[in-house]
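Working notes, structure below.
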Amino acid sequence: MHQKTLTTKQRIRHIVKWIRQYATKNKISTLVVGISGGIDSSVVSTLCAETRLNTIVVNLPIRQNRVLNHRSSMQSSWLLERYKNVTYMSMDLTPVFAAFEKKVGTFCSAEQEPNPQEQLAFANSRARLRMMTLYQLAQSHGGIVVGTGNRVEDFGVGFFTKYGDGGVDISPIGDCMKTAVWDMGREFGLLQEIIDAAPTDGLWDDGRTDEGQLGMTYPDLERAMWLDQSGDQSVTSTEKANLKKYRAIRARNLHKMESIPVCRIPE
């Protein structure tokens with residue numbers, strides 16, 4: 001699954017045109033993008049800037065790793081130097097999250113140390129707090145929240161937080177594989193530090209990477225996703241093992257990628 005139909009330049013032009021057309025059709029004048037210093041948000045923020053629409057890029061650190069915070073600042077500076085339609089905002093949500101964590105943690109668990117499920121819940125709460133802040137800014141400026149999820153994460157393994165980074169109005173790179181996103185980053189001439197950085201969701205104090213959490217590299221995930229969808233049986237033993245891992249991850253996250261189940265009442 002390599003998406004070779006379009007060249008990288010053509011893909012960029014197609015996405016920029018799509019965003020602009022959506023905004024025009026729906027009378028949207030402002031695009032709001034949360035940036036993390038990672039390749040996905042860096043590419044999406046640049047795509048939005050390319051539309052020449054008012055683009056607000058927002059950094060929302062919560063006990064953020066210094067390296068990630070630095071890369072977010074670098075990306076915002078890179079954009080501000082090149083696009084007059086970009087505005088940068090930064091808001092440290094650590095105090096808000098700390099208050100929430102203290103209140104809810106006491107309510108949810110009587111244990112001295114949080115259990116793994118509680119830790120995961122708090123990680124997801126960080127994403128939801130950011131989502132809420134982005135929507136506050138978007139509605140205040142008559143805009144929309146632009147998603148930064150790619151095809152592998154949003155429609156392959158469901159590696160996102162439901163109603164967190166999954167809560168967006170439009171998804172410009174939702175049909176782009178991760179490798180295609182890297183290609184667009186190189187085409188834009190994004191900072192090499194951002195292109196080379198190990199992808200991370202930035203939701204953990206220990207700075208764990210996406211591939212570390214998933215247990216697979218993105219190229220392996222893309223290959224497994226293609227094998228799963230194509231039904232190709234000519235696979236190596238390594239590919240077969242990766243396909244099994246991919247299907248296991250997908251199965252437990254499928255609820256995020258499907259519509260909310262509705263109990264239908266018979267007439």
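Every number in this text was worked out from the coordinates using simple rules, so none of it is lab data. Predicted model, so just to flag it, every value in this text is computed and none were measured. We place every Cβ from the backbone using ideal geometry, glycine too, and count neighbours over all the protein chains shown.
Data overview
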quantity: Dimensionless Rg/Rh of region 1-89 - Kirkwood Rh, Rg from C-alpha atoms; calculated: 1.01
quantity: Burial order of peptide ranges 234-240, 182-188 (average beta-carbon count within 10 Å, highest first); calculated: 182-188, 234-240
quantity: Calculated FRET value between residue 208 and residue 229, using beta carbons and R₀ = 30 Å, to 0.05; calculated: 0.60
quantity: Packing-based ranking, highest mean first, of 132-139, 171-178 given that Cβ atoms within 10 Å are counted; calculated: 171-178, 132-139
quantity: Packing-based exposure ordering (other Cβ within 10 Å, fewest first) of 104, 145; calculated: 104, 145
quantity: Choice from 219, 61, 95 showing the highest fluctuation, given a GNM over the chain with Cα pairs closer than 10 Å; calculated: 95
quantity: Burial order of peptide ranges 155-163, 34-42 (average beta-carbon count within 10 Å, highest first); calculated: 34-42, 155-163
quantity: When region 26-71 is reduced to its Cα atoms, the Kirkwood hydrodynamic radius in Å; calculated: 11.4
quantity: Per-q log10 I(q)/I(0), the chain, q = 0.07, 0.09, 0.10, 0.14 Å⁻¹ (Debye; single scatterer per alpha-carbon; no solvent); calculated: -0.26, -0.43, -0.54, -1.04
quantity: Residue 107/residue 52 FRET efficiency (R0 41 Å; Cβ-Cβ; nearest 0.05); calculated: 0.30
quantity: Potential extension, residue 240-residue 136 segment - 0.36 nm per residue separation minus Cα distance; calculated: 32.9 nm
quantity: Distance in nm between pseudo-label sites at residue 98 and residue 80 (7 Å out along the Cβ direction from Cα); calculated: 2.6
quantity: Cross-link table 103/256; 103/178; 9/84; 17/244; 9/244, entries beyond 31 Å C-alpha to C-alpha; calculated: 103/178; 17/244; 9/244
quantity: Rule-of-thumb Rg ratio for region 53-204 [Cα; 2.2 N^0.38 Å; N residues]; calculated: 1.12
